[in-house]
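S.K.: One structure, pasted below without further comment.
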Amino acid sequence: MNRKDFLLNAIPAAVILPEVINGYSVKAMTGSSPLVQALMRGTTLTDHVLVIVQLSGGNDGLNMVIPVADYSRYYNARTNIAIPENRVLNIAGVSGTGIHPSMTGLQTLFTEGKAKLIQAVGYPQPNFSHFRATDIWMSASNSNQEVYSGWAGRYLNYEYPNFPTGYPNTDMTDPLAIQIGSTTTLTTQGPSVNMGMSITSATNFYNLINGTTDPVPSTPAGKELKFIRQVNQQTQKYSSVIRNAANAVTQQVTYPTNNSLADQLKIVARLIAGGLKTRVYMVSFGGFDNHSVQVNTADTTTGTHATLLQRVSDAIKAFQDDIKFLNVENRVVGMTYSEFGRRIKSNSSVGTDHGAAAPMFLFGSSVDAGMLGMNPTIPAAPTVNDNVPMQYDFRSIYSTLLEKWFCLDKAIVESLFPPNINAQLQSLPLIKAGVCSGVTPPPQITGEKIIWNYPHPFTVGTDIFFKTQGGHTLIQVFDTLGRLITTPVDKEYAAAMQDKVHFAADALPPGIYYARLQNGITQKVWPMLKVR
Amino acid sequence: MDRREFLTARRKKQADNAENISGKPYRTTSGIATYTGAWTEQEVTHLLKRTMFGATKADIDYFKFRTMSQAVDELLTPTAPDPNPPVKEYATSTTPGVTPDGNIAQGTTWINDINSDGTVQSQRRSSYKKWWTGLLINQDRSIREKLIMFWTDHFGNETAEVGYGNWAYKQHTLIRQYAVGNFKNLVREITKDVSMLRYLNGYLNNKNAPDENYARELMELFTLGKGPDSQYTENDVKEAAKVLTGWQIDGATYTSVFNANRHATTNKLFSSFFNNTTITGRTGTTAGDLELADLLNMIFAQQEVAKYIVRKFYRWFVYYAIDAATETNVIAPLADIFRTNNYEIKPLLAALFKSEHFYDMLNRGCYIKTPADHVIGSLREMNIQFRPEAEYDTNYGLWNTFYSWMVNMGQNLHDPPNVSGMPAYYQEPSFHEIWINSDSLPKRNQFTDTMINSGYSRNGYRVQFNCVAFAQTLTNPANPNDLIDECLRMFFRNDLSAQSKAQIKTQILLTGQQWDYYWTNAWAAYISNPTTANFNTVNTRLKSLFQYFFNLSEYQLS
């Protein structure tokens, strides 16, 4: 067995709690075209790193990002959990929108120009199952589509074709992606193999770094278990590079304690600064499924959700400070997401139920700070089924990061998404100009009325009027559950113009419908009311 | 530093740091008194993993409602009929110079066909190995298949060197016949077996030029061993070789024949170790059998034979370390039973598998799985099924895949590195640990990864671990805690900590969610409405769970 064969066999090695797991299957090891071999090194020259922060459970976006400008409707929708208006934190450069009072760390990052808020991110036909919604977010599939690979996995597969055959190698000595705190993720699943490796837990990761394993019983079984674990560690070629990277960093800023997200991000900072070329890190933080008692009724700014948000905010702030201290700030962008938001109206258990679109944060010195989008539309008399209508498709966030942060050609980016959504991917102003030496699109023109309908309200149907700047133009109509009712416009316009399209609603029940216009980087959601 | 030095150096380092080093009294002093403790799934699983390949849920459920004694007796009393012989599943060779076996139709057996073409015999060896692999996977509820592997390893023939598929099969059926029978008779028959005659040169052994090869291994490896109490002399080997002169192979019938003209008719004189026995030289057609009987009577009169074989059984079924207490409390009394029962295998193994020592907690979960335990055991525990016998091409093709996996992990059935058999059963001090190294361990993980993620397909039939179907056989798969616990009890002999189990549950089955009922709901949704989407939701998570389980170091122990 030559060295290459050895590595080939060594990579998919195991796993165990005190060690390291990775989910490689042997399947992809067979294919090897000369072209692909030639492309073994990272295809795109960049040292940029993306840190994905998953908030598991479905985070209540409306209590994290509060529509101050529309406060009375917000308060009306969730009297029992609403954050008092005078307690909402302002964010720099943004008026009419604020964040939860516990998120002072994040507020500071906005002030420093290192945070970006994206309003109402979602997708058509939202799924309200945690599992399915998580799979959709990880795979970037459509709601009704089964995609078996993850968006980051497809990206890494493009950058490092043929993985894991021939990896690690002199050009890429390190894991392509590292997940901390989980043993498996669809996000890094490539077309045939998982591109990532996972570090099973912070505690055990420390064991890995320190070269120790959990104690084994003083029995023959313990003796053999210890032996197998040692062989396991030796065959895990990445464990030493990870350990070395971790050991290269001896000083970090102080992170908050009793905060598992902070623990994980601290490891990430250490590995980035320690020299790993790993491009994608994933951390996760759970507990957001707050169907009941998400606040203390005596003081709604405290309670379960407040504690979670504070930990997120504190952890991200400490992380950002740390990577600045470690002089790698300009290489890192982070992103938070949750598999869904919560319903607009709170429930009687002082909690919120599974919802649809929700805000996302980006953080890092390279983000185009501020807010994208606007406060979600809140009905005057919300019902239990009302959802935050989607303003941005989450796939456009991903594609923009791939294009503007990982510096991929737009055509390549599009090839990484299911074909039926390619044309709908928007290039959004999320990252500062010049990061990829590219041209940042002009900022969105606000204030101009670019979509409306007449008659309004309507009984049978209505015309939707809209202005396009030319190019691909998309109009989707959603109901309040976020279900896609129809896509009346999905085409290329040769030039800027005003146009209209008829929305026939005779078969639909009365209620609010949202028309969403998307044109280039522009998007706008317009509520339309159908009455009897 | 080569691999062995590498491993040794590390083990030494480990020993320096560890509290648990060789020589420390972590072994047990329990003996062969009948075990009277609890008889639960745990004990059943322990017994099955050691005596069969893996412990399937069906087998565990079956034996759990019998007594320990009934279970052992039943395992030691195979009732299934002998399997149908291997068939021709290979293409009739068209290579110039080959004498193909076109007379044998596809799908019919080749075992009675005489064809000494090397290519044909190579095809048959391969056919035999595939067939055997199929038998292992489809084993009956008995110890038979594992004992066949034991004896095949014990006698250490390499089919690649013997060359003849027909002969390999013939030896296999001989071993199958005697596997749970009488050891002395087995030795008698294997002495005259064509494969053995060829492998250890017995067929060349004649009065003019005695060949000592078989006579030496008969004593050193097959019966007496090389222990301190095995004091046969070089001259004993020479004299035994003379006893064994005259046996030949009839190439026209693939049977052994005794040629009296080649037999040394002189008296054979043995050393004081054998009480200065004289085996009287015989003449005529019965000389070979008569003198062989005398020789075996003389050897089997030695106390050491039973002890040597019992130690081998011990290392095959219990653990490799034999300390003074084990020698006194287990090996010696079992050897007495073996001798008292005139080398009947069954009473000996019954005493072992019913003993306190076998069920001693210190002897559980310490057995490093052989590649066959790993490959065949995983396939069986995950309920992999094959096609009806008529679809031999599909079956043999798939069996070949699993046979090859075992080879890649270091165990080539009926083709050990040399006549000593697999080093894992005799090589001091590492023994079973030899199975696990930086080459074989990743392959073990690759195998289970592959079986979970893609499996193998032939003629449109795919064998793959179906994690969802497996979960459905469990008692309460809707509860993620019960699901994990029950899987661990079946797959592992060493439990994980509660913290680890909670972590596995949250991170894999719950995808980071905090409430168990999300798994319960997902499972219920799949059961009541098995759509693709509902299937995928549970399948994605179960696949990750099982892949994780099978990659744990604990999975390598049984």
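The values are calculated or read from the model by the stated rules, or taken from the named source; none is laboratory data. Note that the coordinates shown come from a computational prediction; the quantities given were computed from them, not determined experimentally. Don't worry about glycine lacking a Cβ; one is built from the backbone with ideal geometry, like all the others, and counts go over all protein chains shown. SASA here: full protein model, heavy atoms, side chains in, ligands and nucleic acids out. Shrake-Rupley method; radii C 1.70, N 1.55, O 1.52, S 1.80 Å.
S.K.: Which residue pairs have Cβ atoms closer than 9 Å, lie 6 or more positions apart in sequence or on different chains, and pair a first residue in the range B:493-519 that is on the phi > 0 side of the Ramachandran plot with a second residue that is buried (at least 20 other Cβ atoms within 10 Å of the Cβ) and of a type in the set (Asp, Glu)?
M.R.: From the range B:493-519, the pairs are B:Thr511/A:Asp135; B:Thr511/A:Glu339.
S.K.: Can you name the residue in the range B:178-235 that is acidic (Asp, Glu) and over 23 Å from the mean Cα position of the chain (by Cα) and, of all such residues, is nearest to B:Trp247 (Cα to Cα)?
M.R.: Taking the candidates together, the pick is B:Asp211.
S.K.: Which number in (1) at pLDDT 80 or above; (2) open to solvent by less than 10 Å² (accessible area, probe 1.4 Å); (3) polar (S, T, N, Q) marks the one condition that A:Thr165 misses?
M.R.: The one condition A:Thr165 does not meet is (1).
S.K.: Same structure again: Can you report the number of residues in the range B:347-387 which are in contact with a strand residue (DSSP E or B) (Cβ under 9 Å, 6 or more places away or on another chain), farther than 23 Å from A:Gly222 by Cβ and not aliphatic (A, V, I, L, M)?
M.R.: Count: 4.
S.K.: Quick one: A:Ala273 ticks every box in (1) open to solvent by 10 Å² or more (accessible area, probe 1.4 Å); (2) under 23 Å from B:Leu510 (Cβ atoms); (3) out of contact with any strand residue (DSSP E or B) (no Cβ under 7 Å at 6 or more places or on another chain); (4) among the small types (Gly, Ala, Ser) except a single one, so which number is it?
M.R.: (2)
S.K.: Now a separate question. With the structure loaded, tell me whether B:Thr532 is over 29 Å from A:Glu224 (Cα atoms), more than 34 Å from the chain's Cα centre (by Cα) and among the β-branched types (Val, Ile, Thr) or whether it fails that test.
M.R.: yes
S.K.: When you scan the range A:343-372, how many residues do you find that are among the hydrophobic types (A, V, I, L, M, F, W, C) and assigned to a loop (DSSP other than H, G, I, E, B)?
M.R.: Number satisfying all stated conditions: 5.
S.K.: Residues in the range A:70-81: is at least one aliphatic (A, V, I, L, M) and at pLDDT 95 or above?
M.R.: Within the range A:70-81, one or more residues are aliphatic (A, V, I, L, M) and at pLDDT 95 or above.
S.K.: Same structure again: Would you kindly identify the helices (runs of 4 or more DSSP H) lying entirely within the range B:436-537 that contain at least 2 residues that are within 12 Å of another protein chain (Cβ to nearest Cβ) and farther than 22 Å from B:Phe402 by Cα?
M.R.: Per the criteria, B:498-504, B:516-528.
S.K.: Kindly provide the set of residues from the range B:258-279 that are exposed (fewer than 12 other Cβ atoms within 10 Å of the Cβ) and under 22 Å from B:Leu224 (Cα atoms), ordered by number.
M.R.: Residues satisfying the conditions are B:Ser272, B:Asn275, B:Asn276.
S.K.: Separate question: Can you pull out the residues in the range A:97-136 that are in contact with a strand residue (DSSP E or B) (Cβ under 9 Å, 6 or more places away or on another chain), assigned to a helix (DSSP H, G or I) and surrounded by 24 or more Cβ atoms within 10 Å (Cβ to Cβ)?
M.R.: A:Leu106, A:Leu109, A:Phe110, A:His130, A:Thr134
S.K.: Have a look at B:His357, B:His374 and point out the one that is within 25 Å of B:Asn400 (Cβ to Cβ) and within 13 Å of chain A (Cβ to nearest Cβ).
M.R.: None of the other options fit; the residue is B:His374.
S.K.: While we're here: Pairs under 6 Å by beta carbon, first residue within 7 Å of chain B (Cβ to nearest Cβ) and at pLDDT 85 or above in the range A:226-238, partner outside any helix (DSSP H, G or I) and crowded, with 24+ Cβ neighbours inside 10 Å, six or more apart or different chains?
M.R.: Pairs that qualify, where the first residue is within 7 Å of chain B (Cβ to nearest Cβ) and at pLDDT 85 or above and the partner is outside any helix (DSSP H, G or I) and crowded, with 24+ Cβ neighbours inside 10 Å, are A:Ile228/B:Ile436.
S.K.: Among the residues of the range B:541-558, which ones are part of a helix (DSSP H, G or I) and at the interface with chain A (Cβ under 7 Å from one of its Cβ atoms)?
M.R.: B:Ser544, B:Gln547, B:Tyr548, B:Asn551, B:Ser553, B:Glu554, B:Gln556 - these are the residues of the range B:541-558 that are part of a helix (DSSP H, G or I) and at the interface with chain A (Cβ under 7 Å from one of its Cβ atoms).
S.K.: Moving on to the next point. How many residues, within the range A:78-118, are farther than 17 Å from A:Pro429 by Cβ and of a type in the set (A, V, I, L, M)?
M.R.: Total meeting the criteria: 9.
S.K.: Quick check, is B:Asn539 touching a residue at least 24 places away in the same chain (Cβ under 8 Å) and open to solvent by less than 30 Å² (accessible area, probe 1.4 Å)?
M.R.: yes
S.K.: For the range B:44-88, which positions are among the acidic types (Asp, Glu) and in contact with a helix residue (DSSP H, G or I) (Cβ under 6 Å, 6 or more places away or on another chain)?
M.R.: Answer for the range B:44-88, where residues must be among the acidic types (Asp, Glu) and in contact with a helix residue (DSSP H, G or I) (Cβ under 6 Å, 6 or more places away or on another chain): just B:Asp59.
S.K.: When you scan the range A:470-480, how many residues do you find that are in a loop (DSSP other than H, G, I, E, B) and either modelled with pLDDT of 90 or more or buried (at least 16 other Cβ atoms within 10 Å of the Cβ) (or both)?
M.R.: So the answer is 2.
Residues checked against (1) open to solvent by 10 Å² or more (accessible area, probe 1.4 Å); (2) within 24 Å of A:Gly341 (Cβ to Cβ); (3) outside any loop (DSSP other than H, G, I, E, B):
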{"position": "A:Met374", "(1), (2), (3)": "yes, yes, no"}
{"position": "A:Thr377", "(1), (2), (3)": "yes, yes, no"}
{"position": "A:Ala380", "(1), (2), (3)": "yes, yes, no"}
{"position": "A:Val384", "(1), (2), (3)": "yes, yes, no"}
{"position": "A:Asn387", "(1), (2), (3)": "no, yes, no"}
{"position": "A:Arg395", "(1), (2), (3)": "no, yes, yes"}
{"position": "A:Lys404", "(1), (2), (3)": "yes, no, yes"}
{"position": "A:Ala411", "(1), (2), (3)": "yes, no, yes"}
{"position": "A:Asn420", "(1), (2), (3)": "yes, no, yes"}
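S.K.: Does the range B:92-121 hold any residues that are under 30 Å from the mean Cα position of the chain (by Cα), open to solvent by 60 Å² or more (accessible area, probe 1.4 Å) and not β-branched (Val, Ile, Thr), and which are they?
M.R.: B:Gln106, B:Asn112, B:Ser116, listed by residue number.
S.K.: In the range A:390-421, what residues are modelled with pLDDT of 90 or more and in contact with an Asp or Glu (Cβ under 7 Å, 6 or more places away or on another chain)?
M.R.: Within the range A:390-421, A:Val413 is the sole residue that qualifies.
S.K.: A follow-up question, please. Going through B:Arg339, B:Arg315 one at a time, which residue ends up being open to solvent by 10 Å² or more (accessible area, probe 1.4 Å), within 21 Å of the chain's Cα centre (by Cα) and over 30 Å from B:Asn206 (Cβ atoms)?
M.R.: When all the criteria are applied, what remains is B:Arg315.
S.K.: Also: Return a yes/no flag: does the range B:223-234 have any residue that is touching a residue at least 24 places away in the same chain (Cβ under 8 Å), among the charged types (D, E, K, R), touching a Gly at 6+ places or on another chain (Cβ under 7 Å) and surrounded by fewer than 23 Cβ atoms within 10 Å (Cβ to Cβ).
M.R.: no
S.K.: Can you pull out the residues in the range A:93-114 that are modelled with pLDDT under 95 and either among the hydrophobic types (A, V, I, L, M, F, W, C) or closer than 14 Å to A:Leu362 by Cβ (or both)?
M.R.: A:Val94 - this is the single residue of the range A:93-114 that is modelled with pLDDT under 95 and either among the hydrophobic types (A, V, I, L, M, F, W, C) or closer than 14 Å to A:Leu362 by Cβ (or both).
S.K.: Give me a count of the residues in the range A:42-69 that are open to solvent by 20 Å² or more (accessible area, probe 1.4 Å), of a type in the set (Gly, Ala, Ser) and modelled with pLDDT of 95 or more.
M.R.: Adding up the residues that qualify gives 1.
S.K.: Can I ask one more? Counting just the residues of the range A:137-157 that are more than 16 Å from the chain's Cα centre (by Cα) and more than 14 Å from chain B (Cβ to nearest Cβ), which one comes out surrounded by the most Cβ atoms within 10 Å (Cβ to Cβ)?
M.R.: It comes out as A:Leu156.
S.K.: For A:Tyr513, all conditions in the list (1) in contact with an Asp or Glu (Cβ under 8 Å, 6 or more places away or on another chain); (2) part of a loop (DSSP other than H, G, I, E, B) hold save one; what is the number of the exception?
M.R.: (2)
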